[in-house]
Amino acid sequence: MKRPSAAPLRIATRKSQLALWQAGHVAGLLRRAHAGLEVELVPMVTQGDRIQDRSLAAIGGKGLFIKELEVALQEERADIAVHSMKDLPGDLPESLTIAAVLERADARDALLTGSAGRLDDLPRGAHVGTSSLRRQAQLLAARPDLAIEGLRGNVDTRLRRLDSGDMDAIVLACAGLIRLGLESRISARLDPKIFLPAVAQGIIGIECRRADSRTLRLVTVLESQDTRIAMDAERAFAHRLGGSCQSPIAAHARLEGQSLLLDGLVAEPDGSRLIRDTASGSIDDPAALGRLLADRILAAGAGPLLERLRAG
């Protein structure tokens, strides 16, 4: 059923502090772009929010934060969903599309410590918290002596575990900390040249129904073309590898003039092996560059590694 042109635009969002900030940010941008547009938030609790006592890898990955939002779109209880694109699986339901992506924020990972300034400054055997196999692998590759601790929950919960002395350091995304006004908590930004971020980290995406022409018209004005190019390369890389958002896969694309440079990595979770490569190509077909780099990394031995992890 076609909704009236003056109807409020409804945004499906998780109830976490960061998700609500992102949804509110998109709502503000839409109101500024379209005078008189009413925008409503539709907060939801997802399966990923409900299960906090197990790792993401054990319960099915970050897609569990997305499903309820997509069902709300498909059942027309919401018009758009706002996502951290690093949480979004490679395959979307056929009826849905990413209508716009905002300009990318800082894509790097952040090290937060009680006292040490850099990763190299942490004491031998330091306890470092992360829920990501990608971060775990790169931490252990750089510092095999570290003790990696599982870390789930919202940003406040994770910070409390650091502040209580339960951990010596934790790793979070720079973008989320900056959006929540917590940039001062960052002890060090981890250089992508040595510590690759998650695919599409720092990117906010807006999902809607393909057939909803009114919503598509309202949302596409927020599109950042440069961000889309980088994201398409990174997501194509991960998709070719068959990786989920919880796999030890990393990628980072950057534009230099009319060229696109893409770094990619597949890692053993224990950090004993990092398969990393770089490729460059035209900005005209970023997905092709992502597939090319994935094929090179598969040829270097990533296939059996990923198969073993999927089977395990």
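The values are calculated or read from the model by the stated rules, or taken from the named source; none is laboratory data. Since we're looking at a predicted model, the values are computed, not measured. Glycine gets a Cβ as well: all are built from the backbone with ideal geometry, and neighbour counts include every protein chain shown. Calculation scope for accessible area: heavy atoms of the full protein, side chains included, ligands and nucleic acids excluded. Shrake-Rupley method; radii C 1.70, N 1.55, O 1.52, S 1.80 Å.
Some values worked out for this structure:
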item	result
Estimated dipole of region 125-231 in Debye, rounded to 20 [Cβ of Lys and Arg +1, of Asp and Glu -1, Cα centre]	380
1.4 Å probe accessible area per residue over the chain, in Å²	44
Simple spin-label estimate for residue 191 and residue 31 in nanometres, 7 Å along Cα-Cβ	4.3
Contour minus Cα-Cα distance for residue 288 and residue 272 (0.36 nm per residue)	2.8 nm
Accessible-area value, residue 256, 1.4 Å probe, nucleic acids and ligands omitted, Å²	100
Kyte-Doolittle at least -1.0, axis length at least 20 Å by Cα - qualifying DSSP helices, the chain	17-33, 225-241
Carbon/sulfur fraction of accessible area - the chain, other protein chains in place, 1.4 Å, %	49
Nonlocal Lys pairs with alpha-carbon distance under 16 Å, the chain (8 or more apart, or different chains)	4
Residues whose placed amide H lies under 5 Å from that of residue 96, excluding near-sequence neighbours	210
Total charge dipole magnitude, the chain, about the Cα centre, Cβ charges on Lys, Arg, Asp, Glu only, Debye to nearest 20	360
Rough spin-label spacing in nm, given labels placed 7 Å along Cα→Cβ, for residue 310 and residue 160	3.9
Most to least packed among 276-283, 129-136, 83-90 [average Cβ atoms within 10 Å]	129-136, 83-90, 276-283
Hydrodynamic radius (Kirkwood) for the chain, which is based on Cα pairs only, to one decimal in Å	20.1
Estimated distance in nm for a label pair at residue 45 and residue 216, the labels positioned 7 Å out from Cα along Cα-to-Cβ	3.6
Beta bridges by DSSP in the chain, antiparallel share as percent, to the nearest 5	75
Fully extended contour minus Cα-Cα distance, from residue 255 to residue 75, at 0.36 nm per residue	61.0 nm
Solvent-accessible surface (1.4 angstrom probe) belonging to residue 158, in square angstrom, nearest 10	40
